[in-house]
Amino acid sequence: MTLRQTAILHEAFRKAIHSCSIAVPILAVWWKTETLWLVASVTIVYLISEVMRLLGVAVPVFSSITWRAMRPTEPRTIVVGPFLFGVGIFGAMAFFEPAAATVGVLVLAIGDSAASLIGRAFGSTTLPYNPGKTLMGSLSLFAVGVLIGIFFVSVPWAILVGAVASLVESLPLGPTDNLLLPLATAGVVTLALV
């Protein structure tokens, strides 16, 4: 197996974790309060497990998943990406109407995963302002954002959802895109539904 193939498999593991958040808007249809508590609880337990991991105490499940999912380039400090991922999902679900929140969470879960995997597998042209991202990855996120948006808003607004998602993800924000991506796309849908 080549180094590139190993990196893609590692990223696929990370994005499989991302994809679990698809369940959040589905659960929130029936149990919004309980779903928000679940997201908040998992996010807080993750943060506690990170502090414990740094102190040399492994928290079952969380620590092993974190070690397996960490990129070699990530600092051996608290890995904030998953924490911001949870906060972004919580924020979208708590502060936006259900349709907007659903778009935000799905764009994060599916679109960000597609951008990362397709960008790593097929992307060769990097973005001039962020060499860690590829044009192919950004176009993938744009397409997924549009496809998700079409189910909730008109085509022009869906195109804007894809464009905003692609822009936010392409910026050199590091893990902060996990927080901003669901909030920004939910914001676009909110404007569309006014």
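List of remarks:
- Of all residues in segment 137-167 being among the aromatic types (Phe, Trp, Tyr) and part of a helix (DSSP H, G or I), the one that is farthest from the chain's Cα centre (by Cα): 157
- Of all residues in segment 138-161, those satisfying the criterion of being out of contact with any Asp or Glu (no Cβ under 8 Å at 6 or more places or on another chain), surrounded by 15 or more Cβ atoms within 10 Å (Cβ to Cβ) and without any contact (Cβ under 8 Å) to a residue 40 or more places away in the chain are 139, 140, 142, 143, 144, 146, 147, 150, 157, 158, 159, 160.
- In segment 3-31, the qualifying residues are those that are among the basic types (Lys, Arg) and under 20 Å from the mean Cα position of the chain (by Cα), and the one that is farthest from residue 118 (Cα to Cα) is 14.
- Subset tally (residues that are open to solvent by 50 Å² or more (accessible area, probe 1.4 Å), of a type outside the set (Val, Ile, Thr) and either closer than 18 Å to residue 110 by Cβ or in contact with a helix residue (DSSP H, G or I) (Cβ under 8 Å, 6 or more places away or on another chain) (or both)) for segment 14-37: 5
- Verdict on residue 119 being surrounded by fewer than 20 Cβ atoms within 10 Å (Cβ to Cβ) and small (Gly, Ala, Ser): no
- Of all residues in segment 118-136, those being part of a helix (DSSP H, G or I), closer than 15 Å to residue 4 by Cβ and without any contact (Cβ under 8 Å) to a residue 24 or more places away in the chain number 4.
- Any hit, segment 46-59, residues being within 28 Å of residue 166 (Cβ to Cβ) and either buried (at least 18 other Cβ atoms within 10 Å of the Cβ) or out of contact with any strand residue (DSSP E or B) (no Cβ under 7 Å at 6 or more places or on another chain) (or both): yes
- Restricting segment 74-124 to residues that are over 16 Å from the mean Cα position of the chain (by Cα) and at pLDDT 95 or above, the residue that is farthest from residue 191 (Cα to Cα) is 94.
The values are calculated or read from the model by the stated rules, or taken from the named source; none is laboratory data. For clarity, every value in this text was computed on a predicted model and none was experimentally measured. A quick note on method: Cβ atoms are made from the backbone with ideal geometry, for glycine too, and the neighbour counts reach across all protein chains shown. For accessibility, only protein heavy atoms count, side chains too; no ligands or nucleic acids. Shrake-Rupley method; radii C 1.70, N 1.55, O 1.52, S 1.80 Å.
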